[in-house]
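The values are calculated or read from the model by the stated rules, or taken from the named source; none is laboratory data. None of the values given here were measured: they were computed from a predicted structure. Don't worry about glycine lacking a Cβ; one is built from the backbone with ideal geometry, like all the others, and counts go over all protein chains shown. Just so you know, the surface numbers come from the protein's heavy atoms only, side chains and all, with ligands and any DNA or RNA stripped out. Shrake-Rupley method; radii C 1.70, N 1.55, O 1.52, S 1.80 Å.
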Amino acid sequence: MNHWSTHQLTEFFAAVGSSQDERSATMVAMERASEVLEAEVGAVLVDGRVEVAWGIRGDELDAALGGDPGTATIGMAGNDELFVASARFGSKHRGDLLVARAGEPLSPEERQLLQAMAQTLGLALDNIKLLSAERRQRVEREREAAERLALLESLREARHDSLTGLPTRVLFLEVLEEKVRGGTPTSVLFIDLDRFKAVNDSLGHRAGDDLLAHVADRIRHCLRPGDVGARLGGDEFAVLLHDTTADEAVPVAQRLIEAIRRPFPIFGRDVFIGASVGIATHCDTAPVDPGDLLGNADVAMYKAKKEGTGKVVVFAPQMHAEALARLTLTSDLQRALAHGEFRLQYQPLIRLADGATAGVEALVRWRRPDGRYVAPADFVPMAEENGLIMDIGRWVLLEAGAQAARWRETMPDLHLNVNVSGRQLTDPGFAADVRLMLTEFRLPPTAVTLELTESVLMNDPAGAIARLTDLKALGVRLAVDDFGTGYSSLSYLQRLPVDELKIDQAFIPHAEPTAEDLAVIRAVVEMARALRLRTVIEGIETEAQLAAMRRLGCDLGQGFHLCRPADPERLLSPVAA
């Protein structure tokens, strides 16, 4: 046979991965493997018995194998002796992908291809199982919601949202089903509000309800008489644009975003939020499930939200693969947390005046079982989104606290810096987690600094002040991380109960700092001094940068030129020195 290629394996993955159920996936895998490897017989075995077979009846193959898929050859009636090759799939040996052919056994290269196909089948079956479970959960949730509505509300209330007066999801899908039957282009807009949760948390649910009612009014004013707006639940809305292509729907979505971006008068104050919009369009007479069309718009909205507030994205088929990748990453994160795949590295904070180590910053790392590291930028946002950051952050606190306590036995002045996510900051139990860490490892509160990014603090400054005040009551120190990237209001910065300003490395982009670089950093350092804040400059990578930051009077520094992040065992000696 021809030498196999990555392209062949990619085609195999695409064919198997697009299957709707496990049996379809195993059939496709078996047939493709038999075709590529020029085999007379193909099969998938589960628990040692033939599940599906090609080129032979399953019971005949079972008899020939005798329960051992690892047998080298089998004899079949009407055929010469067939050479057998099999490969396991599934993390817990769910089964075997088997081929048998006449003439010659599989070469090592062909066996490698068969193994890759089996591994791909195992991944596809795991993903299909996850997606099926998610669909069952969604159907169950919708069924329960429908039953509650039937018991608690009249027909009118079940079909119209009592808060906004807009149609509910039920009525919206009914209207959508009717429109898509006509054969004219129909576009669905899925709208998700940005920063609504911050308003709800800081001003209360009454203010949140008032805001949702105002949003509904602005959506109505952006629509034509024949269009339909709906509130799907929470801070999610949908719009049906009849006889409208995707290109025609984009300007409507942009008008909606601009309308929602204008300030809302809520309880005597101006409240600012945003919106992200996903668009899905049905343009022909082929039948389409209205729920699927709305779901496609939801997938596009998710991508828009990932690109930043105020974005519009039109659905494309490949987005389903991206959604599957997100689902897989979530599953991998859950496994990593359960199996202890996370670990901490530490990067020193160096006093620029004398070069001594003042403290260390704990940095979370994910090391997969195969030894590969996953960059924090590739998993932390997903952990934030699905809530796993709460468990990861709690683990980081305890692990870093334990390590700091060990170091402080010989270095009693060593300080520990720990990064805190936005989700952790809004968690009512976070202060208790910090208190537990201080108590369990007998750490002085002033020896611990919690770092929060500027963008997290500025997302809801008023709420951040209240939550930081609670943390400050524990006695810990607080730092604004990545300062200069989040458009801080100086008035809010003055009110934040923080002790430290970490200046983002974007302020020193040149190996030899320019006069302009130094002027900006000097202004930040002088402002910090006026506010009695300690300064840390991040990203020192050259001797020239180090000398310049020392002349400007920055208190502490971090960067590869000073010390790279390292495992605690490797860092112990440099820190101790």
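Laid out as a table, the results:
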item	result
Any hit, the stretch 29-40, residues being basic (Lys, Arg), at pLDDT 85 or above and closer than 20 Å to Pro108 by Cα	yes
Unmet requirement for Glu399, which otherwise passes all of (1) closer than 14 Å to Val448 by Cα; (2) more than 24 Å from the chain's Cα centre (by Cα); (3) open to solvent by 20 Å² or more (accessible area, probe 1.4 Å)	(2)
Residues located in the stretch 86-121, provided they are of a type outside the set (S, T, N, Q) and open to solvent by 40 Å² or more (accessible area, probe 1.4 Å)	Arg88, Lys92, His93, Arg94, Gly103, Glu104, Pro105, Pro108, Glu109, Arg111
Residue match in the stretch 430-438 (condition: charged (D, E, K, R) and assigned to a loop (DSSP other than H, G, I, E, B))	no
Residue that is farthest from Phe172 (Cα to Cα) [pool: residues in the stretch 258-288 that are modelled with pLDDT of 90 or more and among the charged types (D, E, K, R)]	Arg262
In the stretch 343-391, residue nearest to Lys306 (Cα to Cα) [restricted to those that are among the hydroxyl-bearing types (Ser, Thr, Tyr) and open to solvent by 10 Å² or more (accessible area, probe 1.4 Å)]	Tyr373
Count - residues of the stretch 204-214 that are buried (at least 18 other Cβ atoms within 10 Å of the Cβ) and of a type in the set (Lys, Arg)	0
Residues satisfying the stated conditions in the stretch 86-111, i.e. free of Cβ contacts under 8 Å to residues at least 24 places away in the same chain and either within 36 Å of the chain's Cα centre (by Cα) or in a strand (DSSP E or B) (or both)	Lys92, His93
Residue match in the stretch 366-375 (condition: touching a Lys or Arg at 6+ places or on another chain (Cβ under 6 Å), farther than 25 Å from Leu294 by Cα, in the same structural domain as Leu562 (by TED's automatic domain parsing) and of a type in the set (A, V, I, L, M))	no
Which numbered condition Val46 misses (of (1) open to solvent by 30 Å² or more (accessible area, probe 1.4 Å); (2) under 22 Å from Glu11 (Cα atoms); (3) of a type outside the set (Gly, Ala, Ser))	(2)
Filter result for Leu443 (assigned to a loop (DSSP other than H, G, I, E, B), at pLDDT 95 or above and at negative phi)	yes
Which numbered condition Ala275 misses (of (1) in contact with a Phe, Trp or Tyr (Cβ under 7 Å, 6 or more places away or on another chain); (2) open to solvent by less than 20 Å² (accessible area, probe 1.4 Å))	(1)
Test: residue in the stretch 486-496 that is at pLDDT 90 or above and of a type in the set (A, V, I, L, M)	no
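Here's the yes/no breakdown for (1) among the β-branched types (Val, Ile, Thr); (2) touching a residue at least 40 places away in the same chain (Cβ under 8 Å); (3) in a helix (DSSP H, G or I):
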site: Leu493; (1), (2), (3): no, no, yes
site: Val520; (1), (2), (3): yes, no, yes
site: Met527; (1), (2), (3): no, no, yes
site: Arg532; (1), (2), (3): no, no, no
site: Val536; (1), (2), (3): yes, yes, no
site: Gly539; (1), (2), (3): no, no, no
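This table checks each residue for (1) open to solvent by less than 30 Å² (accessible area, probe 1.4 Å); (2) over 18 Å from Ile279 (Cβ atoms); (3) modelled with pLDDT of 90 or more.
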residue: Ser187; (1), (2), (3): yes, no, yes
residue: Ala216; (1), (2), (3): yes, yes, yes
residue: Gly226; (1), (2), (3): no, no, no
residue: Ala238; (1), (2), (3): yes, no, yes
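Results for (1) open to solvent by 50 Å² or more (accessible area, probe 1.4 Å); (2) more than 26 Å from the chain's Cα centre (by Cα); (3) in the same structural domain as Asp270 (by TED's automatic domain parsing), shown as yes or no for each residue.
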| residue | (1), (2), (3) |
| --- | --- |
| Met437 | no, yes, no |
| Leu443 | no, yes, no |
| Thr449 | no, yes, no |
| Arg467 | yes, no, no |
| Asp470 | yes, yes, no |
